1. Please indicate, with yes or no, whether at least one residue in the stretch A:289-312 is surrounded by fewer than 18 Cβ atoms within 10 Å (Cβ to Cβ) and outside any loop (DSSP other than H, G, I, E, B).
2. I'm trying to understand the selection: among the residues of the stretch B:70-104, which are charged (D, E, K, R), in contact (Cβ under 8 Å) with a residue 40 or more places away in the chain and assigned to a strand (DSSP E or B)?
3. Output the residues belonging to the stretch B:146-200 that are among the small types (Gly, Ala, Ser) and either at positive phi or more than 23 Å from the chain's Cα centre (by Cα) (or both).
4. Right, residue B:341: crowded, with 24+ Cβ neighbours inside 10 Å, assigned by TED's automatic domain parsing to the domain that holds residue B:29 and not basic (Lys, Arg) or not?
5. Within the stretch B:24-42, is even one residue of a type in the set (D, E, K, R), outside the structural domain of residue B:286 (by TED's automatic domain parsing), at negative phi and at pLDDT below 95?
6. If I filter the stretch A:340-348 for residues that are in a loop (DSSP other than H, G, I, E, B), facing chain B (nearest Cβ under 10 Å) and touching a helix residue (DSSP H, G or I) at 6+ places or on another chain (Cβ under 6 Å), do I get at least one hit?
7. Anything in the stretch B:121-147 that is of a type in the set (Gly, Ala, Ser) and surrounded by fewer than 24 Cβ atoms within 10 Å (Cβ to Cβ)? List them, or say none.
8. Would the stretch A:39-60 turn up any residue that is touching a Ser or Thr at 6+ places or on another chain (Cβ under 8 Å) and closer than 18 Å to residue A:150 by Cβ?
2 protein chains.
Amino acid sequence: MNASQPGPMSLVPFVSVDDMMRLVLGIGVETVLTELGGYIEEDFRRWESFDKTPRVAAHSDEGVIELMPTSDGKAYGFKYVNGHPKNFQGGRQTVTAFGVLADVDTGYPVLLTEMTILTALRTAATSAVVAKYLAPKGGRTMAMIGNGAQSEFQCLAFKTICGIDTVRLYDIDPQATAKAARNLAGKGLTVIPCASAQEAVQGAEIITTCTADKQYATILTDNMVGAGVHINAIGGDCPGKTELHKDILLRSDVFVEYPPQTRIEGEIQQMPEDFPVTEIWRVMTGQAPGRTDDRQITLFDSVGFATEDFSALRYVHDKIRGTNLYQNLDLLADPDDPRDLFGMLDRRSASLKVA
Amino acid sequence: MNASQPGPMSLVPFVSVDDMMRLVLGIGVETVLTELGGYIEEDFRRWESFDKTPRVAAHSDEGVIELMPTSDGKAYGFKYVNGHPKNFQGGRQTVTAFGVLADVDTGYPVLLTEMTILTALRTAATSAVVAKYLAPKGGRTMAMIGNGAQSEFQCLAFKTICGIDTVRLYDIDPQATAKAARNLAGKGLTVIPCASAQEAVQGAEIITTCTADKQYATILTDNMVGAGVHINAIGGDCPGKTELHKDILLRSDVFVEYPPQTRIEGEIQQMPEDFPVTEIWRVMTGQAPGRTDDRQITLFDSVGFATEDFSALRYVHDKIRGTNLYQNLDLLADPDDPRDLFGMLDRRSASLKVA
């Protein structure tokens, strides 16, 4: 091994934003949502095999930076993700992310990947997979309230996984709605821009809320939610940030990912500590009922959990095999003798002097 | 902006292992240790401005994977680090690491860097900076017990920061000692390989222990430690992993980085919860005494803390400015309209079809 060339153990496959776009487009967005949904459901079904911990959050006035680790004992994954509602004013994403998959037996990373696009995909796939268990049968219309970066992914995931055919869009910013409508044109959905949230929910069996304000907001009031609806609440995902009036929670059966995290970050942060919730993995494994009658209001109080990112990392790791959709990064030191890190450095000095 | 070319906000500087070696060698290893020690000391002195949390550890039979985040309110840093004692049998490093520095106001990463070499440097610099406050004045000889990947860095840091001129090396594996002695030849230290730990500590004013077994081991027994010595205990850094007999702890004044983490991971995990310790930042700011007399045994029960990595990330971020010692990674999605992530993906599809 040449001292100036990284050894094979130093290299970690890296999937850039452009690689991710080529991977997703090569497979097809809707196929990715479906396949990724399969990985997510598979991992929810083996929920008890995961090490689970609430994400580690660093809050500031402007937003939050979070680390979301989990492990199934063989692989370890974590995601770095931020949430900064004002970012778009400076041309930045509200949410950006990247993640790492590693081998538990050695601790060596086996994948580093962009996760901004991947998080949008996994969030949408999770919502739609959960809705398979909770949304009213035969529901074909979704209200999509909040038409930011996540909205089109939600619409397509519900189309391909749950079979909706109509989306009713609303955002406080009409330009956001216009953008989403433009992007969804020709994608096999009837797209209806609406002038108010009230208008958007009319006739919708599914209501998805995905707004980004870091504050207690009331996107949905109690009178807007009729019997039999499924609410997919995505936007409330950190302390002090909610979207639903608490009266809606009192009328709903609430389903969550991981209660210790959701009680801090989700809509149910408005409720007492013992407010009853059902863990969605228990529904997926048949240990708890999902929707039980036509007039029930079901609410998925989604905050995003580390296992969903783990599923997404697994998926990408599987899919890039045999492709050129990654580059190898010289991320890990790999001396000839693993205990001779200093010698590796010292010998590099000699090769620099020669060069 | 060309759809197939990442925009400027998508790019994150990445320092590879080879870039790190060129950076460190360009500055000089001892100068790096001294300058990095300065950054570490500066951050310990403003300890109260940091968000602190014990690291998030995922333990397995073979080792541990940890995330170590911290923030000073302006910058946020975290390190991914593993500890797998058996790794060297497969040609891998026991400890590998990488880290990220990010801007708190936007949540955007501003640096991704290898940290295997950097961790070795920061650990050594931390030990030596702490010893400035605790080691006996005029001490010139250090026993270095455990001659693995960290050992040469420790020896050079104590030489350049504390002024030692002699190191007495011991490892249960004589080949490790031979490797360290070879690497330290010509570095301005008198190097004395020893056949036992007992022999190594003879005449040493400073004893550094840095062994990697994931078990309770007794590298130093009580009778080996004479009055006036400073012990720099590096190796005990996770639950179930210690190096010192507890009788030594009872005779010593113990200094630690961050008690909530050290009580879990350090030598003092052998002691009751209320075992008295002094936080090293309080010594550095003059709020607590360091060494007070010649016969006192001082013990730095070091487990490594996130602020030290933060200091190291800050240092690298400062030092690569204006150099070519990094590459820009297309890590963050950067659509023209930040709320139009889907559109970015969709438009990439068009450019792929044209191409």
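1. No, because not a single residue in the stretch A:289-312 is surrounded by fewer than 18 Cβ atoms within 10 Å (Cβ to Cβ) and outside any loop (DSSP other than H, G, I, E, B).
2. B:79
3. Correct list: B:146, B:163, B:178, B:185, B:186, B:188, B:195, B:196, B:197, B:200.
4. Spelling it out, residue B:341 is indeed crowded, with 24+ Cβ neighbours inside 10 Å, assigned by TED's automatic domain parsing to the domain that holds residue B:29 and not basic (Lys, Arg).
5. No, because not a single residue in the stretch B:24-42 is of a type in the set (D, E, K, R), outside the structural domain of residue B:286 (by TED's automatic domain parsing), at negative phi and at pLDDT below 95.
6. Checked the stretch A:340-348: at least one residue is in a loop (DSSP other than H, G, I, E, B), facing chain B (nearest Cβ under 10 Å) and touching a helix residue (DSSP H, G or I) at 6+ places or on another chain (Cβ under 6 Å).
7. Across the stretch B:121-147, the qualifying residues are B:138, B:139.
8. Looking through the stretch A:39-60, at least one residue is touching a Ser or Thr at 6+ places or on another chain (Cβ under 8 Å) and closer than 18 Å to residue A:150 by Cβ.
The values are calculated or read from the model by the stated rules, or taken from the named source; none is laboratory data. These figures come from a predicted structure and were not determined experimentally. So basically every Cβ, Gly included, is an ideal-geometry build from the backbone, and we count neighbours across all protein chains shown.
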